[in-house]
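Participant: Dropping a structure here in structure tokens format, bear with me for questions.
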Amino acid sequence: MRPVFSSRMMTNARNTYVWAGTSLATTLVLASTVALADPGTEPKVVQTTVQNLVQNVVHLSSSATQEVTQDLLSITLQATKEGSQASEVQAGLKQAIEAALSEARKSAQAQGMEVRTGSFSVQPRYNSTGRINGWQGFAQLILEGTDVARITQTTGRLNQLNVISVNYGLSRATRERYESALTSDAIARFKTRASQIAADFGMKGYTLGDISVSSTDPGFEPRPYLAKAMAMRAEAADAPLPVEPGKGVLSVTINGQVNLMP
């Protein structure tokens with residue numbers, strides 16, 4: 001006999017679940033051949049019966065969300081040089097970056113503002129006939145951290161370099177702090193929903209089955225940092241660079257199943 005199942009699906013804005021009722025007893029007949037010690041005796045067939053009952057299983061999904069503000073600022077500055085010789089351009093870039101590094105390191109602070117070099121490139125410059133008529137290159141310096149005031153003030157002092165990008169992100173410490181709280185909230189929602197579903201079906205309670213926990217990367221609002229920053233940087237070379245963080249939504253989702261207890 002084929003097993004018969006009854007199913008019902010219920011949905012709402014935050015949670016979804018599917019209930020699979022108890023099936024009819026499924027009889028599985030296993031046939032195995034047992035060879036006797038006497039070769040002249042015909043083998044006997046032993047039948048083993050296994051009954052498998054499917055429990056009441058509910059599949060749930062619950063989530064918790066939180067709007068967060070970006071707290072990790074990264075600014076890339078760049079020096080550019082041109083010359084007739086590659087060695088000349090390289091030496092000029094090296095001198096510019098070393099001077100900028102020396103100045104930036106005065107304000108460096110663990111996590112608050114980290115200083116590191118970025119890309120360094122020297123390439124030939126070609127004329128209209130395809131011949132090399134000079135060399136050009138660039139070298140980058142990156143300031144990154146959570147101390148926005150320190151980073152923007154240091155950027156203002158490095159007026160020998162050009163700001164080419166300003167980016168905001170979410171620091172690891174902030175992300176972990178929010179994810180910890182959101183995970184607890186999502187689990188509480190999951191448990192509350194599971195208890196309510198068990199009561200709605202007239203069950204005494206539930207036991208947990210397979211559970212998975214996942215988080216999503218927040219999509220932050222874009223900010224037109226660079227145009228405004230470059231305009232104000234031109235007006236006051238030593239002034240702190242103006243920046244503004246964006247906001248996004250961080251989400252933690254619990255997916256899994258529970259077994260209803262009759």
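Participant: Looking only at residues that are within 34 Å of the chain's Cα centre (by Cα) and of a type in the set (D, E, K, R) in segment 53-86, which one is farthest from Arg189 (Cα to Cα)?
Facilitator: Asp71
Participant: Being open to solvent by 40 Å² or more (accessible area, probe 1.4 Å), part of a strand (DSSP E or B), farther than 18 Å from Val163 by Cβ and in contact (Cβ under 8 Å) with a residue 40 or more places away in the chain is the requirement here; does Glu82 meet it?
Facilitator: It is true that Glu82 is open to solvent by 40 Å² or more (accessible area, probe 1.4 Å), part of a strand (DSSP E or B), farther than 18 Å from Val163 by Cβ and in contact (Cβ under 8 Å) with a residue 40 or more places away in the chain.
Participant: Oh, and also: Within segment 101-155, how many residues turn out to be open to solvent by 50 Å² or more (accessible area, probe 1.4 Å) and hydroxyl-bearing (Ser, Thr, Tyr)?
Facilitator: 7
Yes/no per residue for (1) open to solvent by 60 Å² or more (accessible area, probe 1.4 Å); (2) within 18 Å of the chain's Cα centre (by Cα); (3) farther than 16 Å from Ala104 by Cβ:
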residue	(1), (2), (3)
Ile164	yes, no, no
Leu170	no, yes, yes
Glu179	no, yes, yes
Thr192	yes, no, yes
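Participant: Can you tell me which residues in segment 130-147 are among the polar types (S, T, N, Q) and in a strand (DSSP E or B)?
Facilitator: Asn133, Gln136, Gln140
Participant: Inspect segment 99-108 for any residue being closer than 30 Å to Ser214 by Cβ and not in a strand (DSSP E or B) and give the result as yes or no.
Facilitator: No, because not a single residue in segment 99-108 is closer than 30 Å to Ser214 by Cβ and not in a strand (DSSP E or B).
Participant: Taking the stated definitions as given, is Ser121 out of contact with any Asp or Glu (no Cβ under 8 Å at 6 or more places or on another chain), over 20 Å from Thr69 (Cα atoms) and in a strand (DSSP E or B)?
Facilitator: yes
The values are calculated or read from the model by the stated rules, or taken from the named source; none is laboratory data. Note that the structure is a prediction, hence the values are computed from the model and not measured. Methodologically, a virtual Cβ is constructed for each residue, glycine included, from the backbone with ideal geometry; neighbour enumeration extends over all protein chains shown. We work out accessible area using only protein heavy atoms, side chains counted, and drop any ligands, DNA or RNA first. Shrake-Rupley method; radii C 1.70, N 1.55, O 1.52, S 1.80 Å.
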